[in-house]
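See below for the structure under consideration.
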Amino acid sequence: MLRKHHNPHLLPTLLGTIFLISGWLKGVDPYGTSLQMEEYFRVWGMDGAWSKYGMAWAILLCTGELFLGLLLVFGIFRKPAAWAVCLLMVFFTIVTGNLAFTVAGTAFQDCGCFGEAFKISHEATFFKNLLLLALASGNILAVRHERLLPKHGFGKWTALACLIFATAIPVHSALFLPPVDFLPYNRGTNLDGNPGFAVFNGQYEEVTDSLLNLSGSKPLAIITAREELMAEDWKKLGAFSTLAKQGDISLCLMSLPDLNERNTMETYYADEVTLKSILRSEKGILIVEYGIIRAKWNLDTYPVKLIRHATGLKQLAAWNSWIAYRYGFCLMAGLLLIGWIRKKEKQAVQA
């Protein structure tokens with residue numbers, strides 16, 4: 001008689017992989033996730049203190065999803081992870097059910113489950129979450145006979161490594177901008193002919209083409225700001241002002257109307273959606289060459305000391321354009337390190 005065999009790790013690995021994908025797609029763009037969460041708080045009447053810390057909530061959500069996904073995939077603290085995932089899926093199912101079957105859903109184009117990578121309808125999201133809730137419930141049944149916590153704290157170092165890895169992903173993107181941008185303004189994007197990109201002068205006449213033409217002869221540095229630039233911000237931008245005075249680069253400010261009116265540089269205006277999409281921070285810098293975005297930085301964290309002359313600026317922009325590849329390498333290295341720690345902990349228990 002044939003015996004039926006099943007892989008006990010298949011279900012948690014499947015659930016964990018889904019959580020990792022969802023958490024990473026949101027965590028790679030925590031700024032966008034925070035905007036989505038602020039919209040939720042507004043619709044639910046919870047704006048104020050809740051929406052004031054939208055970025056913190058976004059990082060917490062992304063870290064939580066990634067951490068639980070890693071615990072499931074690596075088989076660490078299986079029972080607590082199973083219960084946490086199930087409770088989280090109950091919450092997500094209630095939220096998406098509310099969006100799918102009440103008028104609240106009309107306020108959102110998408111629930112934000114997969115960041116900006118792709119969007120699905122509220123109804124599809126709800127039934128997807130029902131399926132995941134069923135899988136999460138099945139995972140609880142699979143670990144019901146296990147101890148709540150493993151003996152002798154087995155897996156604690158792997159869990160700590162998972163937590164650090166999960167936290168680093170959204171925090172890095174919040175500080176240094178998304179290394180992979182699913183909006184139509186990623187590094188390498190040609191702004192010329194981009195239907196969503198429009199810039200206006202002080203008379204509110206569109207001057208998109210003439211602005212991009214400036215980037216054909218020398219690098220164009222565009223300072224973007226959705227808030228008033230302070231004295232310390234202008235001090236950080238001193239290197240760009242010097243380069244512009246020397247004729248090495250073109251320099252301009254792109255902001256919202258009625259903001260930063262006291263500055264002396266050439267100023268252009270764009271709508272808030274464009275400014276939020278083109279740079280995932282309140283203020284930052286774009287380097288555009290021949291109409292193509294070569295580099296972008298968050299003004300709070302950009303490398304001031306490395307920008308000294310035009311050649312150095314081009315080299316820095318070229319280095320910045322490889323950020324996605326370096327980021328991918330760091331992700332793989334982090335996962336391999338977690339796997340190595342997990343292996344060492346197993347060997348220590350078996351010894």
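The values are calculated or read from the model by the stated rules, or taken from the named source; none is laboratory data. This one's a predicted model, so the numbers in the text were calculated from it and none came from an experiment. Every residue, glycine as well, gets a Cβ built from its backbone with ideal geometry; the counts of neighbours run over all protein chains shown. Please note that ligands, DNA and RNA were not included when accessible areas were found on the heavy atoms of the full protein model with its side chains. Shrake-Rupley method; radii C 1.70, N 1.55, O 1.52, S 1.80 Å.
Applying a threshold of 6 Å to beta carbon distances and a minimum spacing of six or more residues, or different chains, the list of pairs starting in segment 61-87 at a residue that is free of Cβ contacts under 8 Å to residues at least 40 places away in the same chain and ending at one that is in a helix (DSSP H, G or I) reads 84/68. Pull up segment 187-202, narrow it to residues that are of a type in the set (S, T, N, Q) and part of a loop (DSSP other than H, G, I, E, B), then point me to the one that is farthest from the chain's Cα centre (by Cα). Per the criteria, the residue is 201. Checked against the criterion of being of a type in the set (Asp, Glu) and not in a loop (DSSP other than H, G, I, E, B), the candidates 146, 116, 123 yield just one match: 123.
Just one of the numbered conditions (1) hydrophobic (A, V, I, L, M, F, W, C); (2) within 27 Å of the chain's Cα centre (by Cα); (3) farther than 30 Å from residue 182 by Cβ is not true of residue 244: (2). Within segment 201-227, the set of residues being touching a Leu at 6+ places or on another chain (Cβ under 6 Å) and either open to solvent by 80 Å² or more (accessible area, probe 1.4 Å) or free of Cβ contacts under 8 Å to residues at least 60 places away in the same chain (or both) comprises 214, 226. Test residue 160 against the stated conditions and say whether it is open to solvent by 50 Å² or more (accessible area, probe 1.4 Å), touching a residue at least 12 places away in the same chain (Cβ under 8 Å) and part of a helix (DSSP H, G or I). Against the criterion (open to solvent by 50 Å² or more (accessible area, probe 1.4 Å), touching a residue at least 12 places away in the same chain (Cβ under 8 Å) and part of a helix (DSSP H, G or I)), residue 160 does not qualify.
Filtered by the rule that a residue be touching an Asp or Glu at 6+ places or on another chain (Cβ under 9 Å) and among the aliphatic types (A, V, I, L, M), segment 21-53 gives 25, 28.
Quick check: anything in segment 268-288 open to solvent by 30 Å² or more (accessible area, probe 1.4 Å) and more than 26 Å from residue 29 (Cβ to Cβ)? Checking segment 268-288: not a single residue is open to solvent by 30 Å² or more (accessible area, probe 1.4 Å) and more than 26 Å from residue 29 (Cβ to Cβ). Scan segment 332-343 and report the pairs whose first residue is closer than 11 Å to residue 74 by Cβ and in contact (Cβ under 8 Å) with a residue 24 or more places away in the chain and whose second residue is open to solvent by 100 Å² or more (accessible area, probe 1.4 Å) and assigned to a helix (DSSP H, G or I), with Cβ atoms within less than 6 Å and a gap of 6+ or a chain change. Close Cβ pairs satisfying both conditions: 341/157. Does at least one position in segment 238-246 carry a residue that is outside any loop (DSSP other than H, G, I, E, B), without any contact (Cβ under 8 Å) to a residue 12 or more places away in the chain and within 18 Å of residue 298 (Cβ to Cβ)? Checked against the condition, which is being outside any loop (DSSP other than H, G, I, E, B), without any contact (Cβ under 8 Å) to a residue 12 or more places away in the chain and within 18 Å of residue 298 (Cβ to Cβ), segment 238-246 yields at least one hit. Residues that are touching a Phe, Trp or Tyr at 6+ places or on another chain (Cβ under 9 Å), of a type in the set (A, V, I, L, M, F, W, C) and under 22 Å from residue 63 (Cβ atoms) occur at least once in segment 121-135.
If I filter segment 87-98 for residues that are more than 21 Å from residue 24 (Cα to Cα) and at pLDDT below 90, do I get at least one hit? Taking every residue of segment 87-98 in turn, at least one turns out to be more than 21 Å from residue 24 (Cα to Cα) and at pLDDT below 90.
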